[in-house]
Structure formats: C-alpha cells, structure tokens
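The values are calculated or read from the model by the stated rules, or taken from the named source; none is laboratory data. Quick caveat, the model's predicted, so the values are computed rather than measured. Neighbour counts are summed over all protein chains in view; Cβ atoms, including those assigned to glycine, are modelled from backbone coordinates with ideal geometry. All accessible areas refer to the heavy atoms of the entire protein, side chains included, with ligands and DNA or RNA removed. Shrake-Rupley method; radii C 1.70, N 1.55, O 1.52, S 1.80 Å.
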Amino acid sequence: MMKTNIFILSLLCIGLNAKAQQNHLSREDYRHKVETYSQVLKQQHLKYVASVENRKIAMTGFLPQIDITAEGTANLNHLDMWHSEKGQYRPYTYQALATLGQPLYMGGALLAQKDIAKADEQLDKLSIELTLDQIHYQSDAVYWNASAAFAMLTSAKQFEEIVNQQYTIIQDRFNDGAISRTDLLMISTRKKEAELQFIKARQNYTLALQKLNILMGAKPDAQVDSLCEISVSCPAVQLMGLSEVLGRRADYASTDISIAKSEAQRKAALSKYNPQVSMFLASGWDTGTTYMGQEIPHTPVAGLSVNIPIFRWGARFKTNRQQKAYIGIQKLQQSYISDGILEELSAATTKLTETEEQVKTAKENMSLAEENLDLVTFSYNEGKASMVDVLSAQLSWTQAQTNLINAYLASKMAVAEYRKVISE
C-alpha cells in the first residue's frame, strides 16, 4: 500500500514539476544570481574603487606641484589717481605668481600616508572577500530552506493522500454498517489534521520561495525553477586544519594589514617631530605694497625651506607610546580572531559528523515507520488492529518524515557553514 501511495503522489507532483524539470536552478546558479544582484557587494566594490583612488592620491604627494596665485587691490578713496604720471602714487596694486614646489623630506609623513592608503586598499579588497563568504552562506541557507520547504510540502501531500485513502475505505465500511461511528470520527479528525498540515506546509513553501526570489533580485511571486532535492548528496568537503584555514580567511589576513597600518599611522604621527625640507621655484610680477607706476619686472625666485623641531615637552615620546599601544591592540585582535576561527572550525567539523549520523538514523527510522504503517493499515483492514493503532502509525510516519527532512536540512547547513568557515 505504501508503494501505491508513493506512486500516486508521484503522479500528483508531475503537474508541479513538469516545467521545473526543464529548467533546473542549481545551488551554484542561485549563488551566482544572488552574488550578481547583491547591493551590499556592489557597495563593497565601490568602496574598494574609492580606496584605490585614495592610494593614487597619496602617491601625488611625492610629485612636484604647480600653483598659480593672483591678487589685486584698489584704494577706493583715490580712484581719480588711477592713471597718474609715472613715479606718482597709483591707487592699486597687483601680483601674479607661478610656483613650482617639490617636497624633499617631510619627516616620513608622505611614506606613511602612502602605506596607510595602501593598507586601506588591501582591507577593502579583503572586505569584498568577507562579503562574498557571507553572501554564499546566506544564499545556500535560503536555497536549502526552500528545498526543505518543498520536501515538507510533498510529504504533507503524501500524508494527506494516505489518510484520504484510509478515510475512503472506512467511510465505505461505515456505510455498510461494518464498523462503528467512532472509527469514522477518528479518521475524519485525522483527515482534517492532514489538510491543515498541508496548508501550513504550502504557506511555508510560498514564504521560502518569496525569500528565495527577493534575495536574487526577482519579484516575490516569480516562477521558480526546480531546486535540488534536499536529499541529494553534496560533494564531500575537504577537512582542513587551523593553519590552513587561517591562510584562507580574509578576516585573519586583515589583522596583519591592520597591524601594518597601525605602524604606518605611528610613523605619520611622529613625522611632525622630524625635520622637514622642501624647495620651490617661483616666477611672476608684483607691484609691491605701494605702486608708483614704475615698470614691473619679471622676477624668478628659488627657495629652500627647512623646519627642524627642537623642543615639544616630550610630545614625541608620548605620541610614540600612544601609537605603540594601538599596535598592541591590533596584535591582540589578531589573537582574538584566531581563537574565534578555531571555535568556528571546531563547531563546523562537529556538525558535519553529527548531522551525518542524524541523517543515517532518520533514514532507518523512516523505513521502520513506513513498514509499521503498511502492517498496521493492512491489519486494520483485515480486522486485526484498532483505529488507534492506525492513527498512531500515521503519526509516527509523518513525524519520521519530518525528522528525515530536518536531518537533511541540518546536514546541508552544516556543509554550508563549514564552507563558510574555510572560505570556500
């Protein structure tokens, strides 16, 4: 009877899956669609682009700079002397100057700023990897939850068909006066419970599909291609040790860069206490403070600027200690993240093992529940079992089916979590 019910359910599901069988949405395809649509990932890419430009801006600090300045004044009380004779006061002045400047040594500030900008660029690049890991895990979780919801819906439909078939038999027997009304009421109650279970499963599946669509940028009610069955076997994952995982994790790699950035920030903070040397070449015209109408010569000027800090009340040493404290914080953060990754790896590895055992036990339990339901149903139809036995067997069957689907889902999520931990 169980095989007959399964065959009937398969026929009922053909209508749901006919189009889906032609267009299959694999986990990898869905992951790619989510990654393509993700607004968070696009933000991270733009942030990285900005950091690349910031590094390029920092590099311009080493290059010569050219500035042009111009200024003019007019004395409004003596505008009548605007065109006075040469050698006499004129009520205006002006100057125009082009300056070529070149920093020679800025106390290490330029090198430090370049290193800081480079570290920010690397950190933003690693942030993209972290975001990808999160997106991949989220997409896998949504995908497998939708697949599990469909399996629950299929199971609920199958359970409803099993109960309906038994209800038909009991209804006929009651009409023939072969059984009491008590049995009919009991199976009628179970029939309504099966209907309610199917309605809830249909609701959960609809919500899961809506979430699936929204995450990849589609309309909530868009047609969804068939998904991988929750019972499908996933490719085996490669178990890794902590040292291998640390080499793959972007958040751990970012700690090394953060330490280097803190060191560059220390140098930048100390640079203002170091000597600074720059040179410039200027050329232009200047009437002077008071203009007497003389010819304005073109005047080229070359200059060298030197600044040597002498006494700052120990500010340099205090700044150095302060920045070293910040570096120490980053080093402790690295150790903290390493411990967190070890905890995640241990938990993920344990879940892989335990969920495999759960699936194995759930399969065995499902086989027993199916056999039990077949035997009890047959015995009842032969008058050798009570309706209570049938209802109990039906309940055991649907619970076993639910436990098996949940075990499959837990197994899929354990794999997804492990892949996230190893940044696969």
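Do we find that Y326 is aromatic (F, W, Y) and without any contact (Cβ under 8 Å) to a residue 12 or more places away in the chain in this structure? Give the steps one after another, and end with the answer.
Numbers: aromatic (F, W, Y): yes; without any contact (Cβ under 8 Å) to a residue 12 or more places away in the chain: no.
Considered against the rule, which asks whether it is aromatic (F, W, Y) and without any contact (Cβ under 8 Å) to a residue 12 or more places away in the chain, Y326 comes out as no.
Please state which one of K118, K125, K86 is open to solvent by 40 Å² or more (accessible area, probe 1.4 Å), in contact (Cβ under 8 Å) with a residue 40 or more places away in the chain and closer than 30 Å to H32 by Cβ. First the steps, then the outcome.
On the way: K118 fails: closer than 30 Å to H32 by Cβ; K86 fails: closer than 30 Å to H32 by Cβ.
Testing whether each residue is open to solvent by 40 Å² or more (accessible area, probe 1.4 Å), in contact (Cβ under 8 Å) with a residue 40 or more places away in the chain and closer than 30 Å to H32 by Cβ leaves just K125.
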Quiz item: Is one or more of the residues making up region 91-104 more than 30 Å from E424 (Cα to Cα), over 51 Å from the mean Cα position of the chain (by Cα) and not in a strand (DSSP E or B)?
Solution: yes
Quiz item: Among (1) part of a helix (DSSP H, G or I); (2) closer than 28 Å to Y37 by Cβ, where does P235 come up short?
Solution: (1)
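Evaluate the following for K267: is it farther than 30 Å from G340 by Cα, out of contact with any Phe, Trp or Tyr (no Cβ under 8 Å at 6 or more places or on another chain), open to solvent by 30 Å² or more (accessible area, probe 1.4 Å) and part of a helix (DSSP H, G or I)? Reasoning before the result, please.
Numbers: farther than 30 Å from G340 by Cα: yes; out of contact with any Phe, Trp or Tyr (no Cβ under 8 Å at 6 or more places or on another chain): yes; open to solvent by 30 Å² or more (accessible area, probe 1.4 Å): yes; part of a helix (DSSP H, G or I): yes.
Considered against the rule, which asks whether it is farther than 30 Å from G340 by Cα, out of contact with any Phe, Trp or Tyr (no Cβ under 8 Å at 6 or more places or on another chain), open to solvent by 30 Å² or more (accessible area, probe 1.4 Å) and part of a helix (DSSP H, G or I), K267 comes out as yes.
Within region 383-424, count every residue that is part of a loop (DSSP other than H, G, I, E, B), touching a Lys or Arg at 6+ places or on another chain (Cβ under 7 Å) and at negative phi.
Result for region 383-424: 1.
Per-residue answers, yes or no, for (1) surrounded by fewer than 20 Cβ atoms within 10 Å (Cβ to Cβ); (2) farther than 30 Å from E129 by Cα; (3) at pLDDT below 95:
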position	(1), (2), (3)
L352	yes, no, yes
N372	yes, yes, yes
V376	no, yes, yes
S379	yes, yes, yes
G383	yes, yes, yes
S386	yes, yes, yes
V390	no, yes, yes
V421	no, no, yes
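Among K219, K200, K157, which is the only one that is exposed (fewer than 14 other Cβ atoms within 10 Å of the Cβ), of a type in the set (K, R), modelled with pLDDT of 90 or more and within 30 Å of S386 (Cα to Cα)?
Values: K219 fails: within 30 Å of S386 (Cα to Cα); K157 fails: exposed (fewer than 14 other Cβ atoms within 10 Å of the Cβ).
Answer to the check: K200.
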Exercise. May I ask you to list pairs of residues, at least six apart or on different chains, whose Cβ atoms are under 8 Å apart, with the first in region 386-405 being more than 9 Å from A369 (Cα to Cα) and the second being open to solvent by 60 Å² or more (accessible area, probe 1.4 Å) and basic (K, R)?
Key: L404/K363
Quiz item: For N23, which of the numbered conditions (1) among the polar types (S, T, N, Q); (2) surrounded by 13 or more Cβ atoms within 10 Å (Cβ to Cβ); (3) at pLDDT below 90; (4) closer than 30 Å to C234 by Cα fails to hold?
Solution: (2)
Quiz item: Are there any pairs with C-beta distances below 7 angstrom linking a residue in region 408-424 that is of a type in the set (V, I, T) to a residue that is not in a helix (DSSP H, G or I), with the two at least 6 apart or on different chains, and if so which?
Solution: V415/C234; V415/V237; I422/M240
Quiz item: Can you tell me how many residues in region 54-82 are of a type in the set (A, V, I, L, M), under 15 Å from F280 (Cβ atoms) and open to solvent by less than 100 Å² (accessible area, probe 1.4 Å)?
Solution: 1
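Taking K360, is it over 29 Å from T189 (Cα atoms), in contact (Cβ under 8 Å) with a residue 40 or more places away in the chain and open to solvent by 40 Å² or more (accessible area, probe 1.4 Å)?
Judged against the criteria, K360 is not a match.
How many of the residues making up region 290-307 are among the β-branched types (V, I, T) and exposed (fewer than 11 other Cβ atoms within 10 Å of the Cβ)?
Taking region 290-307 and keeping what is among the β-branched types (V, I, T), we get 290, 296, 299, 301, 306.
So of that shortlist, the ones also exposed (fewer than 11 other Cβ atoms within 10 Å of the Cβ) come out as 290.
Of the residues in that region, 1 qualify.
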Exercise. Just one of (1) open to solvent by 60 Å² or more (accessible area, probe 1.4 Å); (2) hydroxyl-bearing (S, T, Y); (3) touching a Ser or Thr at 6+ places or on another chain (Cβ under 7 Å) trips up Y92, so point out which.
Key: (1)
Quiz item: of a type outside the set (A, V, I, L, M, F, W, C) and under 30 Å from H78 (Cβ atoms) - does that describe any residue in region 271-284?
Solution: yes
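Being β-branched (V, I, T), more than 30 Å from the chain's Cα centre (by Cα) and part of a helix (DSSP H, G or I) narrows it down to one of T361, T289, T355, so name that one.
Working: T289 fails: part of a helix (DSSP H, G or I); T355 fails: more than 30 Å from the chain's Cα centre (by Cα).
When all the criteria are applied, what remains is T361.
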